[in-house]
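These notes are about the structure you will find just below.
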Amino acid sequence: MIDDEMYDLIVIGAGASGLFSAISAKNNGAEKVLILEKTDKAGQKLLLTGDGRCNLSNQEFDLSSYNFYAQIYHKENTAFLDTAFHSFDPDKTLAFFNDMGLMVSYRNGYIYPTSYQSRTVLQVLLREAESLGIVIEYNSNVRNIEHIEDSTDYLVITQRFKYKSHCVILASGGSSFPKTGSSGDGYYYAKKLGHTIIKPLPALTGFILEDAIVERLSGIRMMAKVSYRNHSQKVFFNTGEIQFNKYGISGIPVMNISGNIIRDMDENKEQTAVCQLNFFPYWDEDILSRQIALNMADFIEKRPFCLLEELFYGYCNEKLVELILQSKDFDPKMRLCDFLNRREDKTKESILQHYSNELERLCDAFLRFDLKLIGYQDFKTCQVTSGGICLDEIEPETMESKLNDGLYFAGEIVDVDGACGGYNLQWAWTSSYLAGRAAAIKLRHSN
Ligand SMILES: Cc1cc2nc3c(=O)[nH]c(=O)nc-3n(C[C@H](O)[C@H](O)[C@H](O)COP(=O)(O)OP(=O)(O)OC[C@H]3O[C@@H](n4cnc5c(N)ncnc54)[C@H](O)[C@@H]3O)c2cc1C
């Protein structure tokens, strides 16, 4: 059935990007704006963000927190992001939210609504959309987007209706967390309209470890620097709290480089990968070596029969200590007096001098611990999609397709993914604002 109305703008998806872009378009003068949403609710993913608190941006915003993998392969992507964020940066975003009545608070650089509830952000967006007269049609699953013959207008086809519109913003999300409605449909429509899709892969996710390791380490949290060297010898790293859990390993540093690891595994058809953990990221090797020698000298005097592993109980969790020592073939159950049996003199200086090989290996065990990853948490639970609509085919100031006049993209559907800390929502706000404004300007000029 054809809806006879001619819309100025149809936005596909009522997530963070869809709502924000429709509001931006209205604020900039678009008149008839319709949002088509597949599910029966708006902003389902937005509600989950930041553990229900919505980390909506970052005070220490930094471009290098985006598209780690893309920066290796497509250096020009940085220029794209630079242009887009220059046009609508986090300060402008906060001012925009402030105008809608949202108060924000800061915690370690992360920006949240003052209520610390994502529901507040959704309510503000829905209230604004309603007062601007934006119509949201729920349970409207867009099945196709076509050009209307002999015109630059679009036909947007759902399971029930065909809608006509001068402009379309595709804000249907990526493939992550499909139970919130975003199952990657938009890639298919964009592809049919001629766009290139960079293979969507999970990002901001955890990895699966071998059962034996999970059994030993589940529940342990620890500061660490996590590094990964890809097949092109580029090293990615991130430092923070890692968490061993019931399937493997997660935590912010693991999630932040997960997109790079997964893309490298995928491109090289590898089922497994090895990352490296440094459990003393803020220590240099020499200082650690001296500290171990000092502890040995002290322990050998007070507790000569203590086990080698006991020496390190003050360093990290005992189960981790055992594994770390075994990784470099030390016997954790060896007595310290047997370990240091080669010399009479057991001062710190003597240990440093005569056990330098062992100290080097011990440091190595703590600073360069290889961890085998045997898989990753997939789209069902990952927080964002890496890949998506290729940036080469989009104008960065307007988010308009270079291939289809009047077609715009916003949010996760585009080949942009950021680190934990509000970067992905910031991308949603920036790209949506630009798309909405540009569509409104185009409409004004064509009238
Ligand atoms: C658990 C979790 C926690 C997160 N926490 C944070 C955080 O704290 N900070 C941060 O910056 N980012 C966070 N993210 C990422 C962030 O939520 C997303 O990047 C952002 O919500 C993407 O917004 P979007 O509008 O582009 O896509 P989505 O929010 O996925 O919205 C897409 C919408 O389009 C609809 N849709 C899909 N297909 C169709 C169709 N064919 N027809 C009609 N409608 C359709 C969907 O139903 C959905 O409503 C988190 C993600 C997850 C999963």
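Computed values, structure above
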read-out	value
S118 vs. criteria at pLDDT 95 or above, in contact with a strand residue (DSSP E or B) (Cβ under 7 Å, 6 or more places away or on another chain) and near the ligand (Cβ under 10 Å from one of its atoms)	no
Selection from region 420-447 of residues that are among the small types (G, A, S) and either over 19 Å from T93 (Cβ atoms) or modelled with pLDDT under 95 (or both)	S446
First in region 23-38 and within 22 Å of F96 (Cβ to Cβ) and in contact (Cβ under 8 Å) with a residue 12 or more places away in the chain, second anywhere and among the basic types (K, R) and more than 16 Å from the ligand (Cβ to nearest atom), Cβ under 7 Å, 6 or more apart	S24/R437; N28/R437; G29/R444; V33/K26
Qualifying position, being in a loop (DSSP other than H, G, I, E, B) and either over 30 Å from E146 (Cβ atoms) or within 15 Å of the ligand (Cβ to nearest atom) (or both), among G240, G173, G186	G173
Some residue of region 378-385 being out of contact with any Pro (no Cβ under 9 Å at 6 or more places or on another chain) and either buried (at least 24 other Cβ atoms within 10 Å of the Cβ) or of a type in the set (A, V, I, L, M) (or both)	no
Qualifying residue in region 59-67 (condition: part of a helix (DSSP H, G or I), modelled with pLDDT under 95 and either within 11 Å of the ligand (Cβ to nearest atom) or of a type in the set (K, R) (or both))	yes
Matching strands (runs of 3 or more DSSP E) fully within region 364-447 where at least 3 residues are over 14 Å from the mean Cα position of the chain (by Cα) and away from the ligand (no atom under 16 Å from the Cβ)	369-373
Residue satisfying condition, being touching a Cys at 6+ places or on another chain (Cβ under 6 Å), more than 19 Å from T93 (Cα to Cα), assigned to a strand (DSSP E or B) and aliphatic (A, V, I, L, M), within set L9, L34	L9
Complete set of residues in region 22-54 that are within 9 Å of the ligand (Cβ to nearest atom), buried (at least 17 other Cβ atoms within 10 Å of the Cβ) and under 16 Å from V135 (Cα atoms)	I35, L36, E37, K38, T39, A42, G43
Among the residues listed as N256, N230, the single one being out of contact with any Asp or Glu (no Cβ under 7 Å at 6 or more places or on another chain) and either more than 30 Å from F409 (Cα to Cα) or of a type outside the set (F, W, Y) (or both)	N256
Unmet requirement for V214, which otherwise passes all of (1) out of contact with any Asp or Glu (no Cβ under 9 Å at 6 or more places or on another chain); (2) part of a strand (DSSP E or B)	(2)
Filtered residues of region 360-373 (kept if closer than 18 Å to V254 by Cα and surrounded by fewer than 15 Cβ atoms within 10 Å (Cβ to Cβ))	D370, K372
Hey, Y163 among the aromatic types (F, W, Y) and either under 28 Å from the mean Cα position of the chain (by Cα) or over 29 Å from K402 (Cβ atoms) (or both) or not	no
Test: F330 is touching a residue at least 40 places away in the same chain (Cβ under 8 Å), within 26 Å of L209 (Cα to Cα), surrounded by 17 or more Cβ atoms within 10 Å (Cβ to Cβ) and not hydroxyl-bearing (S, T, Y)	no
All helices (runs of 4 or more DSSP H) inside region 265-357 with 3 or more residues being closer than 23 Å to R216 by Cα and assigned by TED's automatic domain parsing to the domain that holds M222	308-311, 318-327
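The values are calculated or read from the model by the stated rules, or taken from the named source; none is laboratory data. Please read these numbers as outputs of a predicted model, since none were measured by experiment. Counting neighbours? That spans all protein chains shown, and the Cβs are built from the backbone with ideal geometry, glycine included.
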